[in-house]
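Quick notes on the structure that follows.
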Amino acid sequence: MQKLFTYGTLKDPETQMQLLGRTLGEGVADTLRGYRLAKLTGIHYVYTIIQPWAGGTVDGLVFDIGEDELTQLDEYEGDAYQRVSARTVSKTRAWVYVANPKSKFRHHIEPFEDA
């Protein structure tokens, strides 16, 4: 099993069930440093995305997930996101989906108003 840090729609049990055919359980609250929440516009909806940001933090949940399920999520997240390995505040090494700097959607990312 792998670890996955989630901060947006992947935290939602309904989304997990739709994408993976199961829910991932309760998850463990954790924080990721060096990133900030932003919004990705210009696709179908406004999505939450994170991007590197010195001094930033993002709260989320860490779940156990299978390698084949990560492959499914890679397809779901598409070109706008890239999966990277990161260490959380609790020292957990986890995969996380962040803004892909090479994506054609990179110009559609903007900070939240309160960021």
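The values are calculated or read from the model by the stated rules, or taken from the named source; none is laboratory data. Computed from a prediction, not measured in an experiment: that's the story for all the values here. For neighbour counting, all protein chains shown are included, and Cβ atoms are generated from backbone atoms with ideal geometry for every residue, glycine included.
Per-structure values
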read-out	value
Selection count, the range 65-83, where residues are assigned to a strand (DSSP E or B) and farther than 10 Å from Leu4 by Cα	2
Check on Gly8, modelled with pLDDT of 95 or more and touching a strand residue (DSSP E or B) at 6+ places or on another chain (Cβ under 8 Å)	no
Pairs, first within 15 Å of Tyr76 (Cβ to Cβ) and outside any helix (DSSP H, G or I) in the range 89-110, second at pLDDT 95 or above and of a type in the set (Asp, Glu), C-beta under 9 Å, six or more apart	Tyr97/Asp74
Matching residues in the range 27-64 - criterion: being at pLDDT below 95 and assigned to a loop (DSSP other than H, G, I, E, B)	Thr41, Gly42, Ile43, His44, Tyr45, Val46
Test for Ala86: is it out of contact with any Asp or Glu (no Cβ under 8 Å at 6 or more places or on another chain), within 29 Å of Lys104 (Cβ to Cβ) and modelled with pLDDT of 95 or more	yes
Single condition Thr23 does not satisfy, out of (1) on the phi < 0 side of the Ramachandran plot; (2) of a type outside the set (D, E, K, R); (3) in contact (Cβ under 8 Å) with a residue 24 or more places away in the chain; (4) in a loop (DSSP other than H, G, I, E, B)	(3)
